[in-house]
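Below is one structure, written out as C-alpha cells, with a few remarks after it.
The values are calculated or read from the model by the stated rules, or taken from the named source; none is laboratory data. On a predicted model such as this, the values are computed, not experimentally measured, just so you know. In this analysis, Cβ positions are derived from the backbone assuming ideal geometry, glycine residues included, and neighbour counts consider all displayed protein chains. Calculation scope for accessible area: heavy atoms of the full protein, side chains included, ligands and nucleic acids excluded. Shrake-Rupley method; radii C 1.70, N 1.55, O 1.52, S 1.80 Å.
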Amino acid sequence: MGKVVMYSSVSADGFIAGENDQPGPLFDWLTSGDVPLDESGVLKVSQASYDYTRAYWDQIGVTVAGRHVFDLTDGWEGKPPSGIDHVVVVTHRPAPEGWDPTAPFHFVDGVKAAVAKAQELAGDRIVEIAAGDVGGQALAEGLVDEVRMDVVPVVFGSGKRYFGSVDAQHLLENPDVVQGDRVLHLRYPVRR
C-alpha cells in the first residue's frame, strides 16, 4: 500500500485560503517559472520546484478532498486534477444531481472510509489528502504518513487553516527542504 500524504500550498502563517475561500497568491509559484510542469503550458515553475513537484505528482494515484473543495471547484468538471486517476470526496451528501456516474469520483461518508477507499484504488501509489478539515481529521485519526507543504511568502492573518480544526499535538520528523522561487517545499514524515 502506498503512503498517505497530507498536502497543500500554505501561507507563512498556516492558511490554505482566506476567509472567503480564495487562495490569493498561494499558487503564484506554479506559474512564475520557466520550466513547464505539465503539458498545459500554463504551469511553469523553477527547476528546483519542477524536480520536487513533478516527482511527487507522478506518484499520486488518488486524491481525497472534502465536499467543500469539490463544490468550490465544480468537481473539476468530472476530471481529476493533475492527471490523478481518482478523487474520493468526503461527504454526508450524495453526488450532485446530474453528476456523471462514470466519472472517477467516489463519494464516501467519513474520513476513515475515504482513506480506505482511496488506498484500495491507489494500490502502491500515493494517496494525497487535501489539507484543511479533512486532512486534519485524517492526521488526528493516525492515517497520515507524511505532511507536505509548499510554503509561500505571504501572511494571511486569518482564513482556512492548513490543519483544519486539529486540537491535539502531533509530532513530525525533521523536514526535507527544497527552496524554489517564491516557495519553500517542506516534507515532514509523521512521527509514529
Query raised in the report: If you take the square roots of the eigenvalues of the alpha-carbon gyration tensor of segment 128-182 and sort them as a ≥ b ≥ c, do you get rounded (a/c under 1.5), prolate (a/b over b/c) or oblate?
Result: oblate
Report task. Compute the projected area of the convex hull of the Cα atoms of segment 69-192, averaged over all viewing directions, and report it in nm² to one decimal place. Result -> 9.2 nm²
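Once you list every other residue whose beta carbon is under 15 Å from the beta carbon of Leu184, what net charge do they have if Lys and Arg are +1 and Asp and Glu are -1?
With Lys, Arg at +1 and Asp, Glu at -1, the net is -3.
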Query raised in the report: By the scheme Lys and Arg +1, Asp and Glu -1, what is the net charge of all other residues having a beta-carbon under 15 Å from that of Asp167?
Result: -1
Report task. Using 0.36 nm per residue of separation minus the Cα-Cα distance, give me the extension gain between Asp176 and Asp100 in nm, one decimal. Result -> 23.4 nm
Query raised in the report: Using 7 Å Cα-to-Cβ label points, what is the Val155/Arg192 separation (nm, one decimal)?
Result: 3.9 nm
Query - Gln169 versus Glu39: modelled label distance in nm, points set 7 Å from Cα along the beta carbon direction - result: 4.9 nm
Query raised in the report: At a 1.4 Å probe radius, carbon and sulfur cover how many percent of the accessible area of the chain?
Result: 50 percent
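If you take every DSSP beta bridge whose two residues both sit in the chain, what share of them, in percent to the nearest 5, is antiparallel?
Taking every DSSP beta bridge within the chain, about 40 percent pair in antiparallel fashion.
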Requested in this report: Might you tell me the accessible area per residue for the chain, computed with a 1.4 Å probe and given in Å²?
Outcome: 51 Å²
